[in-house]
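The values are calculated or read from the model by the stated rules, or taken from the named source; none is laboratory data. The structure displayed is predicted, hence computed values, not measured ones. Cβ sites come from the backbone with ideal geometry, for glycine too, and all protein chains shown count toward neighbours. Quick note on the areas: whole protein, heavy atoms, side chains included, nothing else; ligands and nucleic acids left out. Shrake-Rupley method; radii C 1.70, N 1.55, O 1.52, S 1.80 Å.
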Amino acid sequence: MLWISYGVFTRYALNAPDRMVTEATALLLFPVAFAGLAYALREDAYPRVTMLTDRLPARGRKLVTLLNLALMTGVGLFFAMAAVNATIRAFNSGSSSEILLWPRWVFWAPGAVSLVLFTVYAALRLARVALTPSREL
């Protein structure tokens with residue numbers, strides 16, 4: 001946070017942007033963006049519009065919940081596979097960032113782990129909802 005604040009200060013107050021801060025910020029956006037996915041799902045913190053689903057019978061609400069969790073699991077699986085693949089390819093290639101010269105896999109790995117954890121947790125929630133009777137949801 002201090003490093004990014006320094007970068008913002010040098011860019012706008014001194015009119016001399018620090019290239020290292022700019023690149024580090026761009027590279028850190030990916031792992032930070034996915035770090036809280038599983039936690040948000042656990043805490044039921046995703047925004048939802050329940051205006052229509054509240055009017056459905058218990059079986060209808062269960063079907064909507066199953067569809068929602070199936071979509072989340074599918075999208076999570078797609079992104080997890082892409083992130084794991086990118087991590088492996090970056091590790092095998094030995095590529096590094098242009099300015100900082102940090103290995104690229106270091107930036108891909110936390111995002112990949114976060115996406116895998118999210119996908120596993122979403123699949124477990126999907127299985128739990130599928131096995132729970134409609135009246136108990």
* Could you work out the relative contact order of the stretch 1-125, using alpha carbon pairs under 8 angstrom and six or more residues apart, expressed as a whole percent? => 34
* Where in the stretch 1-91 are there trypsin sites (Lys or Arg not before Pro) that are in a DSSP coil and have at most 12 other Cβ atoms within 10 angstrom of their Cβ? -> Arg48
* Please give the net charge around Gly76, taking every other residue with its beta carbon less than 15 angstrom from that of Gly76, where Lys and Arg add +1 and Asp and Glu add -1. => +2
* Give, to the nearest whole percent, the P(r) tail of the stretch 74-128 beyond 14 angstrom, counting all Cα pairs. => 55
* **Pairs of alpha carbons in the stretch 8-133 whose separation is greater than 22 Å (percent)** => 52
* For the residue pair Glu136 and Leu29, what label-to-label distance in nm results when each label sits 7 Å from Cα along the Cα-to-beta-carbon direction? -> 4.4
* Computed lengthening from Asn15 to Leu52, 0.36 nm per intervening residue step minus Cα-Cα distance -> 8.2 nm
* Taking all protein chains as present, what is the carbon and sulfur share of the accessible area of the chain, in % to the nearest whole number, probe 1.4 Å? -> 69
* Asked: From the phi of every residue in the stretch 101-107, what ³J(HN,Hα) in whole Hz does the Karplus formula 6.51 cos²θ - 1.76 cosθ + 1.60 yield, where θ is phi - 60° and glycine or proline is x?
  -> 6, 8, x, 5, 5, 4, 7
* To do: Write down the accessible area per residue of the chain in Å², having rolled a 1.4 Å probe over the full set of protein chains.
  => 70
